[in-house]
Structures are given as structure tokens and as C-alpha cells.
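The next block holds one structure in the form of C-alpha cells; read it before the comments.
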Amino acid sequence: LPSLPRPPKLSQESTSSPRFDGPLVACLPDEKTGELTHDRVGCVPGNYLAFLASSDSAEGKEDGAKPDEEPTHSSSGDVADDQDDSYFEEYGQSLTVHLLMLQDKARTEAYRKALHLFRNQIKGKVVMDVGAGTGILSVFAAREGAKRVYAVEASPLAHFTRKVVRENMLGDRITVLHSKVEDIWLPEKVDVIVSEWMGTMLLFESMLDSVIIARDRWLRKGGVILPSHARLLVGLAECKALWDERVGFWGSEPYGVGMSCLRKYAAQSTFGSPVIPSHMPLRPGDLFARMRPGEEEEESEEEEEEEGEQGENESASSPATSPPPEAKKKERSSVPVLDVDCMTVAVADVSEFRRSARAVAVRDATFHAVASWFEVDFRPPCQAAEKKSCEQVTLGTGPCDPKTHWENCLMVMDTPWGVKAGEEMRIHFDMKKNALLPRNYHIRITADRSQPPSETVQRARRRSVVLEGLEKLSGDNYGSKAGDGKREGKASDSERLIRRRCVQKKTFKLWE
């Protein structure tokens, strides 16, 4: 290539000759017209860039730099590479998964409407389609007037993507690159990046990482990413039919044989990963609690009282200020645990995060699971004055939205809880990328609720009231220090029982 140094010529006898294999990734426009044509698509192998880096390192050593230590091969890196190979092979070995996605009308129509909404940003501009698959989004972008589209597809399906492009007579504007986006080398920056990167629970498969890399390397300043925003939401669900089918069966004495001892193991093994019960889809009525964001750490009642007293004193000496509009969010049956701005998000932001939420039951129900789904927005760049009326496209996958191929995930706990209307719970949600298999995640759910006062607590309260009444009548017998100590002991026992909490924790693997 004219703009890149060529590899050195090595003798055939040399045993250390580098092999330049891998995907063909660099494209050259025509020298006269600047347009890409099939006979002017120049390429370099994917590992040529690694060769250049090693050459630079070798030159540094010749200039007197200290030699680096011998490279060590990481077993975790090998496992991740193997996962990538199987991941791309799965997407290229058949059209089954692509048929599922294309038959998802809500998904595909949302992208077509969004690309049409952004037609002014696409017309005459350069677009990159990350994970092009069958190439349908690339075709949509070209039909909206894109000057050039780079359709990046790492799976073997790229061969058929080229055929789709030719069948739609768009070969002069769409260039299919059979490569991972991390390895491509383009002759220009792009104005728009479009990608259908969302997986189960939004982040499964970790394709957002590739979109972030493409953004940082190839997106022009002022460019656009579609979708622009994404949210992962959770809610509390009752799924009695699913629980009875998978766990309750073991307590029903099948064929007259008692097997209730297997119920706990059935719950742990059957629901060790998030489940998508297609035959029992989540319905809006299955969500039984109002959700709102919670603090990361719960304050004790004493601290809350002290802050309340301090707030009253401050309010007397300073003017009252109303909370910002963001703090007055309407309570609903779900709450976001992750909010992604695709223009600014970093890989570290989605590699590990934790959130907490508060839930209040709106009816008597049984808490079986934490349900999860996501939403993505295609928000055009609007001026501040027209943000309220600015049109946008939203793709939702929740129980109130049209059905999609993602459906809804249920993270079923090991022990169902009966809850009463008005009872409050706290949910802690931790999500972390698997260190060995970075396309997978581990999710830890902690459910915490205050246990209602028991009969023991109620008796302790009544006894305390009686003792206080007797003290008023006769301070000699009941006002002694010993009596005070007994009453304090009873009161502390009562408080301890009232404050006793019921906590349930469980870790889910998505998926292994």
C-alpha cells in the first residue's frame, strides 16, 4: 500500500518469516474519482498491523532501548479468543438466528424508521455498520442516501452479505469487510455508526465493546451513533406457574413417591441462570411493585433522624430549595439499573456496575423473580429550544411493548416470599463481566426486606407499656435502677427484633 510501509523481503530459507493472513481489511478509493469500486478495493491482512508494531519495537531496541521481557501467553486470552471464534462461527454457520432477527418486526422497523429520521445526517455521508449480518441496515442506510457504507461482519456470513449487496445493486456504495471491527483499517473517518449490538439483558455478548472501539477510532467529531442511548430495567415479578412447573413438581409426590427433598436443589440448578420462558411470557400484571432508585448504602434510622433535625434547623435559617426535576421521577413498575449514552460510554462502565432500588408492593403477591428488559433510543441532535417536540424512535422490549426476539429475562430466586400490599423491599443489583469469558456476565441479586413484627415483639411492646404505667403509679417498686435496666433490656430486645431483616442473595450466570 502506498501509505503503509511494506513488509521486508525475507529469504525462503528463513524460518522466522511472518505469515500475513486473516481478513482483508484496508480499502482504497480510486485515485482519480475517489470512489470505491470492486477493482480498487485494496487490502492488508489483519495481523499486518501487529507486524508493524513489532517492527517499531525492534527498531527501538536497535536504538539502544532495553529489550522487553519475553512475552507470556495468557491462558485467559486464549479462552477469550476461543470464545470469539465460536461466537462468530455460530452466527455464520446457519441463517436461523438471522431469520429470527429479521422476523422481529418491532426491531427491524425501529431501525428503518430511525435511519429515515436521521436521513439528513446520512445523505452524502460515510456510514459504518458494525456487525452487519445479512446487511439489511447497510441497505437501509444506502437507500437513505449514504455516499459510502462499510458493512463490517466478522462471521463467515460476510460472503453472503456481499451477495445481498449485489442483488440490491448497491455494490458501488456498500463495501463488505470480512473482519472484526477491532482489526479494520479504513482510508477515512465515518459520519455515522449504526449497529444492532444489544443482547440478552442488553449487554450479553459484549458487542457494545466493539461499537465503542469503532467510535473511538473511526467516528468523526460531531458524528452520530445509532442507537444513541440504552437502558437496562428491572422489576419485581410473580411467576407462580413457572415456579410450580419447575420446582413445585418435586413436592407433589409424583407417582406416590416423596421427592420434596429435591426442591431446593431444583430451584438452584434450574434457575442458576436467567431464564426466558417463551411459553410463559412475562405479562404487565405479573409486576407487583412500584420501583424507584435507591441509595447505594442504606442509612440507619438514627442517622436519618439526625439529618432530619439538622434539615429542620437549616430550613429555618435558609430559603427552601425545590429538588431538581430529575429527582421527581414518576414511580413505576420498573427502574433503570444502567443508563448508557453511546457517545460517551466507556468499556469499563459496562464491565462492572452495581445499583440499588426500592420497591413497594401495590398488592398482595409472591415475590419469585427479578425481571429484566431494555430500551434503546434513537435521539436526533436537537436544539435546546425544540427538545420537547423533537421526534425520536424508541425500541422497547418490556412486557408492555410489542413482542421482540429478545423477550424478557427472569432471575428466579431460591425462596419465594409472600409480601403484603404496602410492604417495602430493597433490591441490590450487581453485574460483572466474566474475566475468562468476556462475552458473558455474572449477576448478583440481593433482596432485603424488613420482617413484620412477630408475636414476641408485640408482647414485648405491651409489657413495656404496662411497666411504664406501673412506674407512674409507684415509682418506688418500679423506678429502681434494676427495674430500669430490665426495661431497657426489654426495649433493646424489642428494637432488635423489629429491626431484624430477611435477606436473600443469589448469583446468576449469563450464560456459561
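The values are calculated or read from the model by the stated rules, or taken from the named source; none is laboratory data. Here the structure is a predicted model, which is why all the values come from computation and not from measurement. So basically every Cβ, Gly included, is an ideal-geometry build from the backbone, and we count neighbours across all protein chains shown. When the accessible area is computed, the model is the full protein with side chains, heavy atoms only, and any ligands, DNA or RNA have been set aside. Shrake-Rupley method; radii C 1.70, N 1.55, O 1.52, S 1.80 Å.
Before I look further, what does the range 362-443 give for accessible area per residue, probe 1.4 Å, in whole square angstrom?
45 Å²
If each of Glu352 and Lys163 carries a label point 7 Å out from its Cα toward its Cβ, how far apart are those two points in nm?
With each label point 7 Å from Cα toward Cβ, the separation is 4.6 nm.
Express in Å², to the nearest 10, the accessible area of Trp406 obtained by rolling a 1.4 Å probe over the protein heavy atoms while all chains stay in place.
Using a 1.4 Å probe on the heavy atoms, I get roughly 20 Å².
Cα gyration tensor of the range 88-139, axes a ≥ b ≥ c as square roots of the eigenvalues: rounded (a/c below 1.5), prolate (a/b > b/c) or oblate?
oblate
With a point put 7 Å past each Cα toward its Cβ, work out how far Met259 is from Asn120 in nm, to one decimal.
For the pair Met259/Asn120, the computed spacing is 6.4 nm.
Once the other residues with Cβ under 9 Å from the Cβ of Val350 are scored (Lys, Arg +1; Asp, Glu -1), what is the net sum?
Result for the local shell: -2.
Might you work out the accessible area of Thr344 for me, using a 1.4 Å probe with all protein chains in place, and round it to the nearest 10 Å²?
100 Å²
Using a 7 Å offset from the Cα along the Cα-to-Cβ direction at both Val466 and Arg143, what is the distance between the two label points in nm, to one decimal?
Here the answer is 8.2 nm between the modelled labels.
What whole-number value in Å² describes the accessible area per residue of the range 225-300 for a 1.4 Å probe?
So the range 225-300 comes to 53 Å² accessible per residue, rounded to a whole number.
Across the range 426-442, in residue order, what do the Karplus-derived ³J(HN,Hα) couplings come to in whole Hz, using 6.51 cos²θ - 1.76 cosθ + 1.60 with θ = phi - 60° and x for Gly and Pro?
Taking θ as phi minus 60°, the curve returns 10, 10, 10, 10, 10, 10, 9, 6, 5, 5, 7, 10, x, 8, 10, 9, 10 Hz for the range 426-442.
On the accessible surface of the range 137-227, probed at 1.4 Å, how many percent belong to carbon and sulfur atoms?
So the carbon and sulfur contribution to the accessible surface is 51 percent.
Compare the peptides 408-414, 105-111 by average per-residue count of other Cβ atoms within 10 angstrom and give them in order, highest first.
Order by mean packing, descending: 408-414, 105-111.
Might you work out the accessible area of His279 for me, using a 1.4 Å probe with all protein chains in place, and round it to the nearest 10 Å²?
Taking all protein chains as shown, His279 has close to 110 Å².
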